[in-house]
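Notes follow the structure.
Please treat every number below as a calculation from the coordinates, not as lab data. Fair warning: this is a prediction, and the values are worked out from it, not measured in the lab. Cβ: placed from backbone, ideal geometry, glycine included. Neighbour counts: every protein chain shown.
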């Protein structure tokens, strides 16, 4: 009978932990606002594929550090000193 009592106590303990975690997360979510930031940057690369890989690696590093779902939305070529811009496939 003691084993079933221990198991019931364990289940109650786990439920208390889940409740505490849920309340903590709800408090954090209510205290903070979510924002979206768009960041432009220049990448120097040998070709389109190199630029694509660099951009994706930068996004992965940001995502790994901040867990914020960073991604490459667009990628284009713009010669230095030029206003011309041609978009290339970023996938």
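Listed values, structure above:
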read-out	value
Value of relative contact order over the chain, rounded to a whole percent, pairs C-alpha under 8 Å and six or more apart	15
Answer label, with Rg/Rh (Cα atoms, Kirkwood Rh) calculated from the coordinates and candidates (i) 1.05; (ii) 1.36; (iii) 0.94	(ii)
Projected label distance in nm at residue 24 and residue 44, using a 7 Å step from Cα toward the beta-carbon	4.6
For the chain, calculated [θ]222 nm from helices alone, where every DSSP H run of n ≥ 4 adds -39500 (n - 2.57)	-19000 deg cm²/dmol
By average C-beta atoms within 10 angstrom, highest first, the peptides 10-16, 45-51	45-51, 10-16
Crossing angle, helix 2-31 versus the chain [Cα axis fit, 0-90 degrees, rounded to tens]	40
